[in-house]
There are 2 protein chains.
Amino acid sequence: MTTVTSSEFDRAIALGPDGPDAPGRYTGELGAGWQIGGGINGGLLLAVAANALRQELPGHPDPVSISGYYLSTSRPGPLTVQTEVIRRGRGLSNATASLGQLDEDGRPVERLRVVAGYTDLAALDGEVRTSAVPPQLPPPEQCVGREHMPMPITPDLALLERFELRLDPATVGWAVGQPSMNGRLQGWFRLADGREPDPLSLLLVADALPPVTYDLGFPGWAPTVELTVHLRAVPAKGWLRVSHGTRNLAGGYFEEDCEIWDDAGRLVAQSRQLARVPRQA
Amino acid sequence: MTTVTSSEFDRAIALGPDGPDAPGRYTGELGAGWQIGGGINGGLLLAVAANALRQELPGHPDPVSISGYYLSTSRPGPLTVQTEVIRRGRGLSNATASLGQLDEDGRPVERLRVVAGYTDLAALDGEVRTSAVPPQLPPPEQCVGREHMPMPITPDLALLERFELRLDPATVGWAVGQPSMNGRLQGWFRLADGREPDPLSLLLVADALPPVTYDLGFPGWAPTVELTVHLRAVPAKGWLRVSHGTRNLAGGYFEEDCEIWDDAGRLVAQSRQLARVPRQA
């Protein structure tokens, strides 16, 4: 489960068994470098839980569908993941996971509950008849990266240093007080340390862009209630194109639909999250 | 939990407690009238589980987000739902449910595992800034209903008699061997016995249309792997407009995105399911 690597992401999702008396239970650590907006990034948490489930499902290493319900804000520090295999199938298996920490009083508190269907993405066959088209983006060097950010990276923005994210200039007006009001952000993504994408890192990427609400004139953090990711293929090496948007901000909630395209032009992941509209100051 | 009503849907989701020694556990019955394509309709199953969770979460009667993972095909006959409350919050609570039956050998088998976030949809405030637009449909009387179907309703199509579904003529070419190849179906929906829509019936409606794969030239049933529904408002009385489509049929799976609009023009529900492409004969 631990790998000999200097990859930040692999260190972040690394798990150890919680002892012989706790089958299906794993321990790990959430690093301060994965904080954003007051908590640990939701996609990273989902990837940690997914890594635990992968250990329990040999032959089916990859989620084809994984749903996470976020219950309380995660903090830097130790974590546990308790897994339960629900069903082992021929082409698909199902399992659930509960990621928890200890709160400030040392009491166990659940952070994330996950249910998933796992398969071997590399073994999927069947024709590819994708009718969706990738987002049209200027080349990465013409997109907006961290070097253009006017403010320093403070600890509550530490997540941004894990990414090489280059946003389409047409979708960063919000950063200078001019949101486009389309509710869409898109750009190029790769991990800052050069680690190539794989199924588990796609779960992180599905929650890596700034919230779509920035582009609707709502600054502030938008807590995730639920996130479901469909992984549809093993991604090729190289840049990912990521685009997300919302069409139904209402009643204090909004949905955020994300698509991730790999360097070979495959739509490798689709996700939707439900999040709370940021509180107005 | 049982209501004095002749509504087919309310009878279908009705539950009783499984005795004082089984807290959080309910019993019900899946009727043969809800069969389609060899099993019980997935939306109906989700609504049964959702009804159980509603009993456990007073003050938060409605799912704002609910995810179901389908594990084995459900059959007419008795069912149980075991619930677990994960967290009771002020505006949002979370719970999980496991719907099961006994197989032909009398052994318990799980049919559906559900995780959800519940709230009081009628109490949601916050502006409505929906940018999505409802599907343009001909009036119901100009759409295609059951009276136009060339074949009789056999037991494996019994579900169709529960619905008054009137499909946009532009999206029924598949019924005469001419799928449009857009991968989209849409139309008007109400329950055949006139019961008005409410949050739980929207879960049924999210899985009520024929599979989008019919419109891509794939006849045959498309089993649901996972279905997540976001309920965003209490629906107004009257007709619902339902539209669903796919953009990523690949590797033996496809996603099916559904939107449900009420008679007041609100986008009351959005859902996405992952399903298996029908096996080619």
Rounded to the nearest Å, the spacing of the alpha-carbon centers of region B:150-165 and region A:163-225 is 45
J(HN,Hα) series, region A:117-125, from Karplus relation 6.51 cos²θ - 1.76 cosθ + 1.60, nearest Hz, glycine and proline x: x, 10, 8, 10, 4, 5, 9, 5, 10
Leaving out ligands, DNA and RNA, and with a 1.4 Å probe, what % of the accessible surface on region B:154-275 is carbon or sulfur? 53
Ellipticity estimate at 222 nm from DSSP helix runs (n ≥ 4, -39,500 (n - 2.57)) divided over the protein assembly as shown, nearest 500: -3000 deg cm²/dmol
For the pair A:Ser180 and A:Met151, what calculated FRET efficiency results from E = 1/(1 + (r/R0)^6), where r is the Cβ-Cβ distance and R0 = 22 Å, to the nearest 0.05? 0.55
If you average the sequence gap of Cα pairs under 8 Å that are 6 or more apart and divide by the length of region A:140-276, what percent do you get for the contact order? 22
Please sort A:82-94, B:110-122 by packing, taking for each peptide the average over its residues of neighbouring beta carbons within 10 angstrom, highest first. B:110-122, A:82-94
At a 1.4 Å probe, which residues in region A:83-108 are at least 30 Å² less accessible with all protein chains present than in their chain isolated? A:Ile86, A:Arg87, A:Leu92, A:Asn94
Using each residue's phi in region A:222-237, evaluate 6.51 cos²θ - 1.76 cosθ + 1.60 at θ = phi - 60° and report the 3J(HN,Hα) Karplus result to the nearest Hz, with x for Gly and Pro. 10, x, 7, 8, 8, 9, 10, 10, 9, 9, 10, 6, 6, x, 5, 5
Measuring label to label, 7 Å along Cα→Cβ, what does A:Val109 give against each other copy in nm, shortest first? 4.2
Project the alpha carbons of region A:140-276 onto their principal axes and report the range along each, largest first, in whole Å. 36, 32, 27
For chain A, modelled as a GNM with alpha-carbon contacts under 10 angstrom, which of A:Asn182, A:Asn41, A:Asn248 fluctuates the most? A:Asn248
Could you give the length gained on full extension between A:Glu141 and A:Asp105, defined as 0.36 nm per residue of separation minus the Cα-Cα distance, in nm? 8.2 nm
How large is ³J(HN,Hα) for each residue in region B:98-115, as worked out from phi by the Karplus curve 6.51 cos²θ - 1.76 cosθ + 1.60 (θ = phi - 60°), to whole Hz, x for Gly and Pro? 10, 9, x, 9, 9, 7, 5, 9, x, 9, x, 9, 7, 9, 8, 10, 10, 10
Return one whole number: the accessible area per residue of region B:140-276 in Å², for a 1.4 Å probe. 35
Two-site FRET efficiency, A:Ala236 against A:Arg11, from Cβ-Cβ distance with R₀ of 25 Å, rounded to 0.05: 0.60
With every protein chain left in place, what is the accessible area per residue of region B:8-120 in square angstrom, probe 1.4 Å? 37
What is the distance in Å between the Cα centroid of region A:238-281 and that of region B:1-58? 33
Let me confirm one metric for peptide A:125-133, namely the mean number of other chain beta-carbon atoms within 10 Å of its residues' beta-carbons. 6
Over the Cα atoms of the protein assembly as shown, what radius of gyration and what Dmax do you get, in Å? 22.8, 69
Helix axis angle, A:42-56 relative to chain A longest principal axis, alpha carbon, degrees: 30
Quote the total accessible area buried by chains B and A together, excluding ligands, DNA and RNA, probe 1.4 Å, nearest 100 Å². 4700
10 Å Cβ neighbours from other chains, averaged over peptide A:225-232: 6
At a 10 angstrom cut-off on C-beta neighbours, averaged per residue, how do the peptides B:144-152, B:29-37, A:60-68 rank from highest to lowest? A:60-68, B:29-37, B:144-152
Search the structure for amide H atoms under 5 Å from the amide H of A:Glu164, placed 1.01 Å from N in the peptide plane, and list their residues when 5 or more places away or on another chain. A:Arg190, A:Leu191, A:Ala192
Pull up all non-local amide H partners of B:Arg111: gap of 5 or more, or a different chain, and H-to-H distance under 5 Å with H placed in the peptide plane. B:Leu99, B:Gly100, B:Gln101
Take peptide A:242-252, look around each residue's Cβ out to 10 angstrom, count Cβ atoms belonging to other protein chains, and average those counts. 6
In what sequence, highest mean first, do B:69-77, A:206-214 appear when ranked by Cβ atoms within 10 angstrom? A:206-214, B:69-77
Taking every Cα atom in region A:45-200, find the radius of gyration and the maximum pairwise distance Dmax, and write them in Å. 19.3, 53
Rounded to the nearest Å, what's the spacing between the alpha carbon centres of region B:69-110 and region A:82-114? Just the number, please. 17
Relative contact order (percent, whole number), chain B, Cα cutoff 8 Å, 6+ residue spacing: 17
In nm, to one decimal, how far is the B:Glu196 label point from the B:Ala22 one, both placed 7 Å along Cα→Cβ? 3.5
From the Cα trace of chain B, what convex hull volume per residue do you get, rounded to a whole Å³? 141
Whose amide H sits under 5 Å from the amide H of B:Asn248, counting only residues 5 or more places off or on another chain, with H placed in the peptide plane? A:Ser131, B:Glu255
Once you keep just the Cα pairs under 8 angstrom separated by 6 or more residues, what percentage relative contact order results for region B:8-120? 27
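The values are calculated or read from the model by the stated rules, or taken from the named source; none is laboratory data. What you are looking at is a predicted structure, and each value in this text was computed from that prediction instead of being measured. We place every Cβ from the backbone using ideal geometry, glycine too, and count neighbours over all the protein chains shown. Ligands, DNA and RNA are excluded from the accessible area calculation, which covers all protein heavy atoms including side chains. Shrake-Rupley method; radii C 1.70, N 1.55, O 1.52, S 1.80 Å.
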